[in-house]
Structure formats: C-alpha cells, structure tokens
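FYI, it's all coordinate maths here, none of it is from the lab. Quick caveat, the model's predicted, so the values are computed rather than measured. Cβ coordinates were reconstructed from backbone atoms using ideal geometry, including for glycine residues, and neighbour counts include every protein chain displayed.
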Amino acid sequence: MKVMERHYRTVWMEGSIVKLINQPLIPHKFEIVAMEDHRATAQAIKDMIVRGAGAIGATGGYGMAQVVLEAPTDNFEEYIRRGAYALRNTRPTAQNLFYAIDKVLGEIEEAKADPKKAKEAAVVMAQQIADEDVAACKQIGEYGEELIKDGNNISTHCNAGWLAFVDWGTALSPIYLATRKGKKVFVYVDETRPRSQGSRLTAWELGQEGVPHTIIADNATGYYMKSGKIDLVIVGADRITANGDVANKIGTYSSAVIAKENGIPFYVAAPTSTIDLKCHSGEEIPIEERTPDEVLYAWGWSDQGIFERVRVSPPGSKAKNPAFDVTPASYITGIITEKGITKATPEGIRSLFT
Ligand code: MRU
C-alpha cells in the first residue's frame, strides 16, 4: 500500500538484511529499520516492531533465511536448529510464524548436505512466503468486497490491515477494494487497548487510503451495535482451529457476542496459513500474556513532540494483560479466505484443504 505516494511492504529482504516498518512509531513517525541478523529479527518480532499474524509470519520466514545464510558449514544443522528455536520463541499465538518457519525448514531439508544450495533455497522460500501472503490478502479482498453494500458501516477490531500482513491486509482488504470500486463505506475502528493497534495503526492506514472512519473506545462498540449504526463486522485472526474457533486480539470475543445478540453478521478474514489443523479447538491455542506495563502505562507523543510513557493507573496497582481471546465458531458468520468464504465449521475448514 502507499505511504506518502510511495509503495511499501511491511517487511522485505535486501541481501541478508531484513527491513521492517517500525510500527510502534506509527502514526507519529514513519521509519524503516534494518535487522542485520536473525537475532535482531527475532527481537523485532518479540518487541512488536513488526506485529500482526501475516507480517510476523513473513518476518519469521526471512529470519529463517538469515539463519541459514549465517550458518557456518562446520556447524550447519545445529546452528539452524538453534536459530529456528530462537524465532519460534518470540510470540506464541499467531500461527503464521510457525507456518513460515516450518516452510523454510521443509524446503532446505533435502538440500542440507549442500549448504550453498540450502542457502539459496531458504531465501527463495522466504520470498515466496511473503509473495503468497500478498496474493492471498488481495484475493481475500476480492471475496470480502462482495459482502459489502454501498453505504455500509463496518466495525473492525485491532489492526488487520496491510501493516499486519505484507500488503493489503485481511479485514481491511475488502474495505480498500470496496472503496476503490466507488462504494461508500464508513469504518468504526475499535481503539484496541492496551496497545491501541486500532487507533494507532488501523486509523492511520484508513486515513492514508482516504477511507472515512472514526475511532471509538472498545467499550463503545456495543452501544453502536445496539443503536443500529453497524451493518457488518470484519476482523482478522491470529490462529483458526480445525473446528472454526478463532483466536484474535483481546476484545474480539466481546464484539462477536454483541454482534450476534444484535443480529449483525460477524466475519473473520484470514489466509489459510493462519489455520492450524493440529489444533482441534480454541482451548488448545496458546494465549500470549504480555507485560502488565502495557495496561498500567500508555505511550504517546506530547504536544512538545516527545515520545513518552505515562502512568494511567494508581502506583501499586497490578494488571493482567492477555493479548488474545478465542471466539467460538458459533459466533462467526463466515471465514473469508483466499480460497473463498467458508463456514466456521469442521466441514467448512476441511473444504479449504481438499
Ligand atoms: O499483537 P499483535 O499486534 O501482533 O496482534 C495481532 C493482530 O494484528 C490482531 O489480532 C489482528 O486482528 C489479527 S490479523 C493479523
């Protein structure tokens, strides 16, 4: 997508260096950062310099390519094993990370005896993962756009736009395409405390694309749903299980329950790389617990242009900070994938892989 008239992906590789958009600085500053080796790339995933399931996945793929490029011939396999371990242990919930690491490992399996061949294969596969993410998100946009009627008001949670993937995004891709096709669309953007991916990232993306929107506090979503202001909900996913349960940013479950109560269609948009067939139901998804500081403090730019942290809670109070929740399949109207829109049922999920 375009930033100040220039096309960017969220992540790409130049030689052995992984380049990323520094997401914590958005919307105040647009900056590209360079990760010189796989350790720096792993740290960037952990610190959420890059975040969002697809973007984490592509970064994990490139990080694996760095591991293979760095691996010394006399300790080739052990170095790769340790590098994969470091990348896997960055964030636990988004399936795309594990998908990408396994894809690169699978690709070099046969070439391992020939390190030069393996290095080439790893880079090619990492690039393929990123390119496939872009194609899948564009296709999700094409399918999802058909669900949007001219004049629709759409609610979304967190950021499932192009910043959360390599390009286009998932939940926002149908909105971008509908807008480009001339449909009038208005987006209610949940703020998404504590990291505020909605107000910081989704609102910024929509602004760059000229999509009309308003930010609302997370606890205002029910109010707008009940008062008939919202026609449709589209959210992303970090992991989808074999029975159609969906892990997504904390707060998604509340939104889904209130949508069902008010008869509002609730769609999840995700590439099939987010589906974990080994997970039978949402109870098996590991939910990331992040630092309480994200709840106890807020970050922002002061009017004096200083990026600072302020405490928004009493000194001494403790906090809990689960980063994701699971929405049971029964609350989901449909799942929009690059292979089409399917029901959130075991049969629906299975049909994507046959
Ligand atoms: O913790 P984050 O910012 O990496 O959160 C992931 C997400 O972007 C959301 O849960 C999103 O809605 C899913 S789509 C990638």
**Q.** Fully extended contour minus Cα-Cα distance, from Ile17 to Leu352, at 0.36 nm per residue
**A.** 117.1 nm
Q: Rounded to the nearest 0.05, what FRET efficiency do Asp102 and Glu289 give with R0 = 25 Å and r taken as the Cβ-Cβ distance? Could you check?
A: 0.55
Q | Average Cα contact separation per residue, the chain, under 8 Å, 6 or more apart, as relative contact order % | A | 16
Q.
I'd like to compare 134-147, 78-91, 241-254: which one has the highest average count of other Cβ atoms within 10 Å, and what's the full order after that?
A. 241-254, 134-147, 78-91
Q: Round to a whole angstrom and tell me the spacing of the C-alpha centers of the range 121-159 and the range 7-83.
A: 21
Q: Sort the range 2-137 into rounded, prolate or oblate with this rule: let a ≥ b ≥ c be the square roots of the eigenvalues of the Cα gyration tensor; rounded if a/c is under 1.5, and if a/c is not under 1.5, prolate when a/b is larger than b/c, oblate otherwise.
A: prolate
Q: Could you check what % of the DSSP bridge pairs in the chain are antiparallel, to the nearest 5?
A: 60
Q.
On a 27 Å Cα-Cα criterion, which of the cross-link pairs Lys117/Lys138; Lys46/Lys318; Lys181/Lys260; Lys19/Lys119 come out too long?
A. Lys117/Lys138; Lys181/Lys260
Q: Taking the Cβ of Val134 as the centre, find all other residues whose Cβ is under 12 Å away and add up their charges (Lys, Arg: +1; Asp, Glu: -1).
A: -3
Q.
Can you return the aspartates and glutamates within cross-link range of Lys183? Criterion is Cα-Cα under 20 Å, with same-chain partners fewer than 8 residues away left out.
A. Glu142, Glu145, Glu146, Asp150, Glu205, Glu209, Asp231
Q: Go through 198-204, 149-155 and give me the packing order, highest mean Cβ count within 10 Å leading.
A: 198-204, 149-155
Q. Using Cα pairs under 8 angstrom and six or more residues apart, how large is the relative contact order of the range 2-137, in percent?
A. 22
Q) Hey, what do the phi angles of the range 53-59 turn into as Karplus ³J(HN,Hα) couplings, whole Hz, using 6.51/-1.76/1.60 and θ = phi - 60°, x for Gly and Pro? A) 3, x, 5, 5, x, 4, 5
(Q) Less than 13 Å from a label point 7 Å out along the Cα-to-Cβ axis of Asn75: which backbone N atoms in the range 106-143 qualify, by residue? (A) none
Q) So how much slack lies between Asp150 and Tyr85, counting 0.36 nm per residue of separation and subtracting their Cα-Cα distance, in nm? A) 18.7 nm
